[in-house]
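Enquirer: The structure under discussion is supplied below as structure tokens; questions concerning it will follow.
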Amino acid sequence: MLVGRMAGSEATRLNATPRDIQGSRAVRRLRRSGRVPGVLYGGEGGPVPFDVDARELRHALHAAGAVLEVAIDGQATPAVVKDTQRHPVRGETMHVDLLRVRLDVAIHATVLLDLTGAEEAPGTKEGGVLEQVTRELNIEALPGDIPETIQHDVSEMVIGDTVTLAAVTPPKGVTLLDDVEETVIATLVPPTLDIDAEEEAIEEETELVGEGAGEAEGSEEDADAGDVPADAGDAQTE
């Protein structure tokens, strides 16, 4: 699934070099030299393995515009990022797959759903918890119209509200592909009780009550010990 990024009217140029398919050792050498391997495929042409400068690729992936102008051997082709593989620790891009596109043909993509205004929602102010159920949306749009995110304002939500995708207004030129009535994007639920804290409070209260009862019993015993039985008093008098 394509990863959506900020829409833009101009494509970001990416200069790549064709490469031969070799073993893993050659790929590791390529990465150590500051290059990232990739494959360009789709459309009318066949798969084209390439490599690209890691820094240039990083800048291109963060630039405004979902469409990349990939230049290989002097031939520029519009493409979008199909998939990337990243290092599990360093987060560096290890491999990139690019898909040829036509700028006048809509494609499917996945974009992030960004909920705004959660802190201003009446339900949140009352202690409720906002839960975002859906974080990614499937859309259809022209390559140049694919947004980085789709935003939805939840500042009016109250406790007990459930919001579906039907409430989301997509940007112009973007079609939502998920079921708008069945796809729940957010709920606002009552505050959850801290069971452990509540049990601790009950235990503390019970201990205090127990200590109070013990002190009361001790006072009665002390008082009883100070009393002189009537018979004993009479015997001492005699």
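The values are calculated or read from the model by the stated rules, or taken from the named source; none is laboratory data. Since the structure is predicted, the reported quantities are computational estimates derived from the model, not experimental observations. Heads up, the Cβs are rebuilt from the backbone with ideal geometry, glycines too, and the neighbour counts pull from every protein chain shown. What goes into the accessible areas is simple: the full protein's heavy atoms, side chains included, and nothing from ligands, DNA or RNA. Shrake-Rupley method; radii C 1.70, N 1.55, O 1.52, S 1.80 Å.
Enquirer: Hey, among the residues in the stretch 170-203 that are part of a loop (DSSP other than H, G, I, E, B) and under 25 Å from Lys125 (Cβ atoms), which one's modelled with the highest pLDDT?
Expert: Pro190
Enquirer: Still on this model: Do you know which of the residues in the stretch 90-122 that are closer than 25 Å to Leu176 by Cβ and small (Gly, Ala, Ser) is most open to solvent (accessible area, probe 1.4 Å)?
Expert: Ala106
Enquirer: Would you pick out the residues in the stretch 36-81 that are more than 29 Å from the chain's Cα centre (by Cα) and open to solvent by 60 Å² or more (accessible area, probe 1.4 Å)?
Expert: Tyr41, Gly43, Glu44, Pro47, Glu69, Asp73, Gly74, Gln75
Enquirer: What is the number of the single condition among (1) within 30 Å of Val105 (Cβ to Cβ); (2) surrounded by 15 or more Cβ atoms within 10 Å (Cβ to Cβ); (3) hydrophobic (A, V, I, L, M, F, W, C) that Ala167 does not meet?
Expert: (2)
Enquirer: Only residues that are in contact with an Asp or Glu (Cβ under 9 Å, 6 or more places away or on another chain), within 30 Å of Val52 (Cβ to Cβ) and of a type in the set (Lys, Arg): list them for the stretch 75-130, please.
Expert: Across the stretch 75-130, the qualifying residues are Lys82, Arg86, Arg100.
Enquirer: Taking only the stretch 1-19 into account, find how many residues are exposed (fewer than 11 other Cβ atoms within 10 Å of the Cβ) and either modelled with pLDDT of 85 or more or touching a helix residue (DSSP H, G or I) at 6+ places or on another chain (Cβ under 8 Å) (or both).
Expert: 1
Enquirer: Part of a strand (DSSP E or B) and without any contact (Cβ under 8 Å) to a residue 60 or more places away in the chain, is that true of Thr77?
Expert: Criteria met by Thr77.
Condition check ((1) out of contact with any Leu (no Cβ under 9 Å at 6 or more places or on another chain); (2) among the basic types (Lys, Arg); (3) at pLDDT 95 or above) across all residues:
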position	(1), (2), (3)
Gly46	yes, no, no
Arg58	yes, yes, no
His62	yes, no, no
Glu69	no, no, no
Asp73	yes, no, no
Gly91	yes, no, no
Ile107	no, no, no
Thr110	no, no, no
Glu120	yes, no, yes
